[in-house]
1. Restricting to region 177-211, and then to whatever is touching a strand residue (DSSP E or B) at 6+ places or on another chain (Cβ under 6 Å) and more than 16 Å from the ligand (Cβ to nearest atom), can you tell me which residue is nearest to L88 (Cα to Cα)?
2. Give me the pairs: first residue in region 114-127 and over 22 Å from I68 (Cβ atoms), second residue part of a strand (DSSP E or B) and not aromatic (F, W, Y), beta-carbon distance under 8 Å, and six or more apart or on different chains, which are they?
3. If you go through region 187-209, how many residues are in contact with an Asp or Glu (Cβ under 7 Å, 6 or more places away or on another chain), in a helix (DSSP H, G or I) and crowded, with 22+ Cβ neighbours inside 10 Å?
4. Select from region 86-106 the residues that are outside any loop (DSSP other than H, G, I, E, B) and surrounded by fewer than 20 Cβ atoms within 10 Å (Cβ to Cβ) and list them in ascending order.
5. Go through region 116-134 and report how many residues are assigned to a helix (DSSP H, G or I) and buried (at least 23 other Cβ atoms within 10 Å of the Cβ).
6. Could you list, in sequence order, all residues of region 157-176 that are within 16 Å of the ligand (Cβ to nearest atom) and either of a type in the set (K, R) or under 23 Å from P75 (Cα atoms) (or both)?
7. Test of understanding: among I286, I296, I273, I309, which residue is modelled with pLDDT under 80 and either under 19 Å from L203 (Cα atoms) or touching a strand residue (DSSP E or B) at 6+ places or on another chain (Cβ under 6 Å) (or both)?
Amino acid sequence: MKIPNKIQVIFCSFLSIFFRSRTIKHILKLNGSEKKEFLTKIINENIKYKNNEKQEVSFVNYNSFKFIESYNQLPCTIETRKKRADLLEKNGFRDKEILLIGDDDLLSVELVARNFRHITVLDCDIKLLNKLRILTQEAKYPVNYFHVDLYEGFPKFLNHIFDVVCFDPPQNYEDLNTFMSCAIQSLKNQTSIFYMMVNSSALGSNNTKKLFAELLKYGFVNTNKYEFFNCYPLNKGQSLLLSVMAKFTHPNLKTVKCNYYFSDCLEFKSVQIAQNIEQFSDGKKILTNIIPHYSISEIPIAFYNNYKIQNKKTMN
Ligand SMILES: C[S@@+](CC[C@H](N)C(=O)[O-])C[C@H]1O[C@@H](n2cnc3c(N)ncnc32)[C@H](O)[C@@H]1O
């Protein structure tokens, strides 16, 4: 049975009252065809994932974490975290200055286990940072953790320091733009790379184009897209929400069970590096200038203003 568009819109606005995550609110606001495209991809990926689901082994106990929906926290699977670390390792970034903007995915723990040398993490969630600090206290190369709310501005002392930035922003244009501007501010000019995790169909094609155009102004081009690279287990409420939405967009599907959300990994390089790649595209590895590392390992966690506490709600 096809449900009229107006009813869909009213129903989705009603549902959004129950969710604090701006990503979920954004998805509920997508128009009919955008929602359909988004859900088709998510449903297909869920089917593929279910068919070759592997048992995950972990050395980090997720149960001891309380993830906060109003911070848009949605930790990825352990397999995804390892894939991200593999990507950074394969690209030869073990000795590079790396910034993780937000780390509910615990990537810093994985990078420490692989002896990455210069890791800095920013997050607005002080409890998460403290847990991460405990989990990485045995690190051969200590991680710098800073308590920062990006909406209060990016700390000046971290400007133009990093070779590589990796972030998984909330999946809506405004928030993503804030994360992206901070990433650009943090990067060294001309020799920098960043990885942004984004579900392009949740963002919408116009927003994606706008984003790419904006990045070009800062001298960054999209050099790689790893489709459905990131997989995130959903809680019962989120999973139910997608199934209910699918009833509107895919009325002919009998049972839809979405246990996971997915996003792509987009790689951006400064135009100068991207041009070098073309010049050296005969299979040689790209060599970027070696720039001295900064060292702030003596600085304890910096305390910035607390992230808007009024929206706090604990998931699970
Ligand atoms: C944005 S969340 C992940 C979003 C998720 N992929 C989604 O689909 O909505 C990633 C990390 O960013 C952190 N974060 C969220 N808002 C922040 C802010 N204003 N400043 C600093 N970190 C923030 C969260 O605590 C979390 O650890």
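The values are calculated or read from the model by the stated rules, or taken from the named source; none is laboratory data. Bear in mind that the values here come from a model prediction, so they are computed numbers and not experimental data. Using ideal geometry, Cβ is built from the backbone for each residue, glycine included, and neighbour counts are taken over all protein chains shown.
1. Going through the qualifying residues, I end up with I193.
2. F116/I98; H118/E97; H118/I98; I119/I98; I119/L100; I119/N144
3. Qualifying residue count for the region: 1.
4. Across region 86-106, the qualifying residues are D86, L87, E89, K90.
5. Here the count works out to 2.
6. Correct list: V165, C166, F167, D168, P169, P170, Q171, N172, Y173, E174, D175, L176.
7. I296
Residues checked against (1) within 11 Å of the ligand (Cβ to nearest atom); (2) farther than 26 Å from K236 by Cα:
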position	(1), (2)
L74	yes, no
I78	no, no
V112	no, yes
N115	no, yes
